[in-house]
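Have a look at this one before I ask anything.
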Amino acid sequence: MTTGSTTSIPGRQVAAQERQGLTVDGVIPSRVVHPQDLEEAAGTLRLCAQAGAGVVVVGGGTQLRLGAPPRRFDVALVTDRLDRLLEYEPADLTCRVQAGMKVEALQAELGRNGQWLPLDPPSPDRATIGGMVAANACGPARARYGSVRDWVIGITVAYPSGAIARAGGRVVKNVAGYDLMKLHTGALGTLGVILEVNLKVQARPEQSLTLQAGFDRAEQAAACALALTRQYLQPAVAAAVDRRAGASLGLDAETPFTLALRLEGYRTEVDAAAALVEEAVVSHRGRMRAGERPAELWAGVRDWVAPQDPEAVVLAAWVPTPSGRTAPSWQSRLRAWCRSGQRGPRRAPCWRGCARPPARRGRWSSPARRPS
Amino acid sequence: MEAAARARLGRRLQEAVGARYAFVDPYEIRLYQYDASPETALPDAVVIPGNAAEVAAVLRICADEAVPVVARCGATSLAGGTVPVEGGVVITFPRMDRILELDLENLRAVVEPGVVNLSLSQALRPLGFYYVPDPSSQGACTIGGNVGTNAGGPHTLLYGVTVNHVTGLEVALPSGELVQVGGRKAVEATGYDLTGLLVGSEGTMAVVTKVWVKLTPVPPVSKTLLAIFTDLRSASNAVSAIVKGGILPAAIEMMDQLSIQAVEAASHAGYPLDAGAVLLLEVDGIPESAAELTERMGRICREHGAREVRVARDEAERQALWKGRKGAFSAMGRLAPDFYVMDGVVPRTRLPEVLDAIGAISDRTGFKICNVFHAGDGNLHPLVLFDAFKKGQYEAVLAIGDEILKLCADAGGSVTGEHGIGLEKRENIRYVFDEDDLAVMETVRRVFDPSGRMNPGKLFPTGRPAPRTEPQPPGGRRPAPAPAQDEVWV
Ligand SMILES: Cc1cc2nc3c(=O)[nH]c(=O)nc-3n(C[C@H](O)[C@H](O)[C@H](O)COP(=O)(O)OP(=O)(O)OC[C@H]3O[C@@H](n4cnc5c(N)ncnc54)[C@H](O)[C@@H]3O)c2cc1C
């Protein structure tokens, strides 16, 4: 980092080949900083504030299109060098992570101990923990395991003044001080730069089983998914997929609609849930479909943003668990979709669709913007 | 506050809510000087609004008169959260106690702040649902107060605390505006999660007038185990082993010997009097999974030195065990005239050493300390037994409390897991946050409450120790002398 006088803008010139990755809504920053520690990040912010420069934090760059276009964007603050797992005590089910660590890298570390962070934001190979928090990025398993706000127990943030401040802590239960973790979750980096995140983690489910059922009509698939939401043993993810979308996910689409279900939990629970699914499918005039699950099915559903084929629809209904997590907005949308009898919103997965700030709301049927 | 100003305030409040529901009379306001903590302070006025619009009107008057506002629901705060240390108007909610809407389709209820926690779950049970967070005080505390403190409870281990079950709030801001944040939907949008911020803000930013809560289907079965250990350390190790072993119990509660004796004397639930520690464990699930997990947890307990593991045979036995646990604080009355309850948190793996250190403090100071707590999430509730009428004991107990909180903070934990900072721990908050941390929180607070009138003197350090009131029974002396301690717990 080059620092000139106090009013000069920190960072180095953005190189031509970097431009594309740093562009947000068509706005290109002139400078870029890759801080290597908390102090450098905070110092950068302070200098930018003094110089009146606009800063956008860049993690993995997977959600940069969220939010209104930046009014000013002079400096890109990239968190890629802050990528370490700082603390992890498996028996405490907690960890402390630098913001730039990739979601997938963290999952790999946790996986060594049979644990995971039960959040499945899109593109985990690129998405960072800090970006996931700032964008409140969740995946289709959100209904079962909760969203970002349910797993963040502490946060370290650099503010424009150059101050570094923490909230929360390292323990799973804590009401000391304000819950600023909630304020920064989904704030899109508008309040400060998230530098470290403390998380709760969990044991991986003992078993995971994918079932597929074919339906002739959308209403049947939807009603079946909704009926399963009323059960105690609801699926972790349920995706209703039409033929074309199914094809792009590798599903062998004999029927116009497929309901793909992922059941997770203790072995005994998954067995019992599978039996319930079969009953529900039959009573909604569907048929269970044997066959291998396409290897990339769930990653495809998770990363689904806009279909390559504009006519295709992917829907994911997620269902409440004993922890009472649900997505009513989704359910009503699903119902509306069935009632209207049309193809429905093209950019379907509501875990992203809802993640629009007001400026971008109501664009369900407009051509989807691709993720960067 | 001057008498004339107070009378004017009283008149204006009466105009807003009706003559019966606002008062300044010294006799009538006496009831509102305390909560479940030892501290007391008199308000200038008390008001009992009947709806959100009246709350907003009250706040406008308070803004106009520039007086502090203290929201008070069940007043079971153990941290002095509702004690009006800087005077002002206490707003209390016994009239706003309605369940406004049950939306079973979307698993939501909309309630007023004064709804008693337990009565919400009682209303839901027949429909196959419940509201998960279950503080031990659930028969008296309210959803509004739970939102104020982000209350926990035994079953929040698996299911999360209040904030995980609240999706929206209607609040009256200090300016008197009524606004809604969040709502029926799950919190999933980008944008500031103000609901999450306001939950647990202890009335220092806004007054909650309506709450959207999640409903949860009642699990098909809940199995409860009692594991009996000879000492605390092996029980603590069993807790870590269970959690690490991939089991997600709904609750893991621990009681030490002294607590067991008090609880058993009060509840006759069948707790073994000679045990060094017991774990109360619960799993939810379908019959097959619950049976299997019960068996696995029992095995782990035995491997870690449990001398006996009992499974509650029926609902009556299960309820008896829980009644004993939930009544634990009140049962302490059998051991000593007074107790002081702490609320520290430590990482689960540090439980053994921290419990040892608390034992050492007890040995050193001569005060008995009971431990009855949420072991699954490392949330300790050491109860220091004392007699407030013995000179110097109260001060000594406060010093012990301070030492224990420091211990928890130094172990990587927190000074409060669920009771809140309130008045009691406003200086202790410095054990976990530095100047910069607190400055940011203060900035956030000022966004909502620029003049600092919302529950002043709480949550933030003032540099002055919290005013301490020697506990005083209303009639002066305690009626009967406390029996000698030895007689009580053998
Ligand atoms: C025997 C006993 C056992 C307990 N067990 C537990 C337990 O297991 N878990 C636990 O978490 N707590 C426990 N507590 C503490 C207490 O019950 C909780 O803090 C509870 O949430 C307080 O609810 P309340 O309705 O009594 O609120 P109050 O005591 O009236 O208020 C609590 C705080 O919330 C604020 N507040 C109240 N109403 C509003 C409102 N409408 N808007 C904004 N702010 C408001 C107040 O200003 C105050 O700061 C226990 C207490 C006792 C006495």
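Every number in this text was worked out from the coordinates using simple rules, so none of it is lab data. None of the values given here were measured: they were computed from a predicted structure. No Cβ is skipped: glycine too gets one built from the backbone with ideal geometry, and neighbour counts run over all protein chains shown.
Quick one: of A:Lys182/B:Lys425; B:Lys326/B:Lys390; A:Lys182/B:Lys326; B:Lys214/B:Lys425; B:Lys323/B:Lys368; A:Lys173/B:Lys244, which pairs are farther than 27 Å apart, Cα to Cα?
Pairs exceeding the cut-off: B:Lys326/B:Lys390; A:Lys182/B:Lys326; B:Lys214/B:Lys425.
Among A:Pro124, A:Ala143, A:Val201, which residue has its Cα furthest toward the positive end of the charge dipole of segment A:85-203, with +1 on Lys/Arg Cβ and -1 on Asp/Glu Cβ?
Checked the options; the winner is A:Ala143.
If we restrict to alpha carbons, what Rg and Dmax does segment B:1-218 come to, in Å?
17.1, 55
Count, for each residue of B:432-444, the Cβ atoms from other chains sitting within 10 Å of its Cβ, then give me the mean as a whole number.
Mean inter-chain Cβ contacts per residue within 10 Å come to 6.
Can I ask one more? Report, in debye and to the nearest 20, how large the dipole of segment B:221-329 comes out about its Cα centre when Lys and Arg carry +1 and Asp and Glu carry -1 on their Cβ.
The calculated dipole for segment B:221-329 is roughly 140 debye.
Magnitude of the Cβ-charge dipole of the protein assembly as shown, K/R +1 and D/E -1, about the Cα centre, nearest 20 debye?
2340
Residues with amide H under 5 Å of B:Ser37's amide H, sequence separation 5 or more or different chain, H placed in the peptide plane at 1.01 Å from N; which?
Answer set, sorted by chain and number: B:Gly80.
Still on this structure, please answer the following. Using 7 Å Cα-to-Cβ label points, what is the B:Arg313/A:Arg285 separation (nm, one decimal)?
A separation of 5.2 nm, rounded to one decimal place.
At a Förster radius of 35 Å, what calculated FRET efficiency corresponds to the Cβ-Cβ distance of B:Asp410 and B:Lys323, to the nearest 0.05?
Here the calculated transfer efficiency is 0.50.
Excluding A:Gly54 itself, what net charge comes from residues whose Cβ is under 10 Å from its Cβ, given Lys and Arg +1 and Asp and Glu -1?
+1
Right, another one. How far is the Cα center of segment B:382-444 from the Cα center of segment A:126-153, in Å?
Each part's Cα centre sits 32 Å from the other's.
Given charges of +1 on the Cβ of Lys and Arg and -1 on the Cβ of Asp and Glu, with all other atoms neutral, how large is the dipole of segment A:31-186 about its Cα centre, in debye to the nearest 20?
Around 440 debye, computed over segment A:31-186.
Here's another thing I want to ask about it. Under a plain spin-label model, where a point goes 7 Å from the Cα along Cα-to-Cβ, how far apart in nm are B:His268 and B:Glu177?
Label-label distance for B:His268 and B:Glu177, simple model: 5.9 nm.
Could you list the GluC sites (Glu not before Pro) in segment A:179-288 that lie in coil according to DSSP, counting only those with at most 12 other Cβ atoms within 10 Å of their Cβ?
A:Glu254
With an 8 Å cut-off on Cα pairs and a minimum separation of 6 or more residues, tell me the relative contact order of segment B:221-329 in percent.
In percent, rounded to a whole number, it is 45.
Here's another thing I want to ask about it. If the protein assembly as shown were replaced by its equivalent ellipsoid, with semi-axes equal to the square roots of 5 times the Cα gyration tensor eigenvalues, what would those be, largest first, whole Å?
After scaling each eigenvalue by five and taking roots: 43, 34, 27 Å.
Semi-axes, largest first, in whole Å: what does sqrt of 5 times each Cα gyration tensor eigenvalue give for chain B?
For chain B, the ellipsoid semi-axes come out as 37, 28, 20 Å.
Let me ask you something else. List the equivalent ellipsoid semi-axes of segment B:221-329 in whole Å, largest first, each obtained as the square root of 5λ for an eigenvalue λ of the Cα gyration tensor.
21, 17, 10
Give me the net charge for the shell around A:Val157: Cβ to Cβ below 12 angstrom, other residues only, Lys and Arg +1, Asp and Glu -1.
-2
Show me, for segment B:380-389, the HN-Hα J-couplings you get by feeding each phi into the Karplus relation (A = 6.51, B = -1.76, C = 1.60, θ = phi - 60°), rounded to Hz, glycine and proline as x.
In residue order, the calculated couplings are 7, 10, x, 10, 8, 8, 7, 10, 4, 8 Hz.
Can I ask one more? Report ³J(HN,Hα) in whole Hz for each residue of segment A:241-249, in order, from the Karplus equation J = 6.51 cos²θ - 1.76 cosθ + 1.60 where θ = phi - 60°; Gly and Pro get x.
10, 8, 4, 6, 5, x, 4, 6, 9
Which cross-chain or sequence-distant (5 or more) residues have an amide H under 5 Å from the amide H of A:Ala127, H modelled 1.01 Å from N in plane?
Result for A:Ala127 returns A:Val103.
Compute the separation of the alpha-carbon centres of segment B:215-264 and segment A:210-247 and state it in Å as a whole number.
Centre-to-centre distance over Cα atoms comes out at 38 Å.
Within segment B:259-350, report the trypsin sites (Lys or Arg not before Pro) that DSSP leaves as loop and that have at most 15 other Cβ atoms within 10 Å.
Counting only loop positions with at most 15 other Cβ atoms within 10 Å, the trypsin sites (Lys or Arg not before Pro) in segment B:259-350 are B:Arg307, B:Arg313.
Calculate one ³J(HN,Hα) per residue across segment A:147-155 by plugging θ = phi - 60° into the Karplus curve 6.51 cos²θ - 1.76 cosθ + 1.60, and present them in order as whole Hz with x for glycine and proline.
Those phi angles translate into 10, 3, 4, 7, 10, 8, 10, x, 8 Hz.
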